[in-house]
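S.K.: Below is the structure I would like to discuss, written out as structure tokens.
A short reminder: the numbers here are calculations on the coordinates, not readings from a lab. Quick caveat, the model's predicted, so the values are computed rather than measured. So basically every Cβ, Gly included, is an ideal-geometry build from the backbone, and we count neighbours across all protein chains shown.
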Amino acid sequence: MPRAMIMTGVTTMMTEAAVVLGPKGQALYWHLPPNRNTVALPDSPTLWEFYWKNREIMVGQAHSHPGYGWPGPSYEDITTYDACERGLGKRYTWWIASMDRLVTVTWDGPGSTDYRVDRVTEEPSWVEELRRLSQQPTSDEERQS
Amino acid sequence: MIQAHEAMVNVTYNGQNFELPDPVNYTAGDGDIKAWVSEAIRTGSIRGVAADPNVDLANFVVDRFDAPADPAPGQRSHNAVFLRPKTAYGLV
């Protein structure tokens, strides 16, 4: 049985969430906007501002997808990765977590939307918190670690 | 002097933040603003900004900020347009 099911008893992910990550794998910023929902994290000037101010220290961002199994990036995800890397002038690692699996997405070229998906077998510590926040239908905050 | 119907355009691209040298009409469409900025980046016509023949702003968004009614000293007194990457994730 997937770990998240054992811990919470919740069988479905209720809302997407994201976290910006620092060089030691620490959470720099939890992105929990009030308009997030089951299938989307809408565009956010606040999130962009955080990326810009922390572009030199952040190593990437993770967001959650609903459900179980190996996740993959959507077209929306890929075009956002491409746009952000164009804007920030650097390449980053983009994680996607389902309720029981985690992958990284990184640019592999040569085309602008040629991103590679790799499965992660040893999960970092922030993943469980991301999953927990994805099960909470909060309408509250974007909080900074 | 920037007129009431105009705006300065601030751009974030390739790790740089800069303004177009001349104001644009504040009511200009997003497509027009992206086209003007693309042309400026492609041709390297902005001082200090390296030319990029492959510039692609298709997935950038335009934020607009009205001039404050009563700006404090040192505060922006004109309309502003910011062009930045989108940050949307998900299936929609």
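S.K.: Relative to the longest principal Cα axis of chain B, at what angle does helix B:30-43 sit, 0 to 90 degrees, rounded to 10?
M.R.: With both axes taken from Cα atoms, the answer is about 60 degrees.
S.K.: Same structure again: Please work out the C-alpha center-to-center distance from region A:77-140 to region B:21-43 and express it in whole Å.
M.R.: Region A:77-140 and region B:21-43 have Cα centres separated by 31 Å.
S.K.: For chain B, what does the helix formula give at 222 nm: sum of -39500 (n - 2.57) over DSSP H segments with n ≥ 4, over the residue count, nearest 500 deg cm²/dmol? Present the calculation step by step, with values, prior to reporting the outcome.
M.R.: Details: 1 runs with 14 residues, N = 92.
Per the formula, -5000 deg cm²/dmol.
S.K.: Which value, in debye to the nearest 20, describes the size of the charge dipole of the protein assembly as shown about its Cα centre when Lys and Arg Cβ atoms bear +1, Asp and Glu Cβ atoms bear -1, and nothing else is charged? Let's see the in-between values first.
M.R.: Numbers: 21 positive and 30 negative charges, 97 e Å.
Computed about the Cα centre, the dipole is about 460 debye.
S.K.: Once amide H atoms are placed 1.01 Å from N in the peptide plane, what residues at a sequence separation of 5 or more from A:TYR115, or on another chain, have their amide H within under 5 Å of its amide H?
M.R.: A:ASP108
S.K.: Now for a separate question. If you build the Cα gyration tensor of chain B and take the root of 5 times each eigenvalue, what three semi-axes come out, in whole angstrom, biggest first?
M.R.: Working: eigenvalues 108, 59, 30 Å².
One finds semi-axes of 23, 17, 12 Å for chain B.
S.K.: Then there is this: So for region B:6-90, averaging the separation of alpha carbon pairs under 8 Å that are six or more residues apart and normalising by length, what relative contact order in percent results?
M.R.: Numbers: 126 pairs, mean separation 27.9, N = 85.
Computed over region B:6-90, the figure is 33 percent.
S.K.: Is there a simple number for the mean count of other chain Cβ atoms within 10 Å of the Cβ of residues in A:77-86, and what is it?
M.R.: Values: counts 4, 1, 5, 7, 3, 5, 11, 6, 3, 13.
Across A:77-86, the average partner-chain Cβ count within 10 Å equals 6.
S.K.: Tell me, in nm to one decimal, what length is gained between A:VAL120 and A:ASN35 on full extension, where the rule is 0.36 nm per residue of separation less the Cα-Cα distance?
M.R.: Values: separation 85, 0.36 × 85 = 30.60 nm, distance 2.90 nm.
Difference between extended and current length: 27.7 nm.
S.K.: Can you put A:ASP43, B:ASP52 in order of Cβ neighbours within 10 angstrom, beginning with the fewest? The partial results should precede the final answer.
M.R.: Working: A:ASP43 19, B:ASP52 15.
In increasing order of surrounding Cβ atoms, one gets B:ASP52, A:ASP43.
S.K.: Read phi for every residue in region B:77-91 and hand back ³J(HN,Hα) as whole Hz from Karplus 6.51 cos²θ - 1.76 cosθ + 1.60, θ = phi - 60°, with x for Gly and Pro.
M.R.: Per residue, the Karplus-derived 3J(HN,Hα) values read 10, 10, 5, 9, 10, 10, 10, 9, x, 6, 10, 8, 10, x, 8 Hz.
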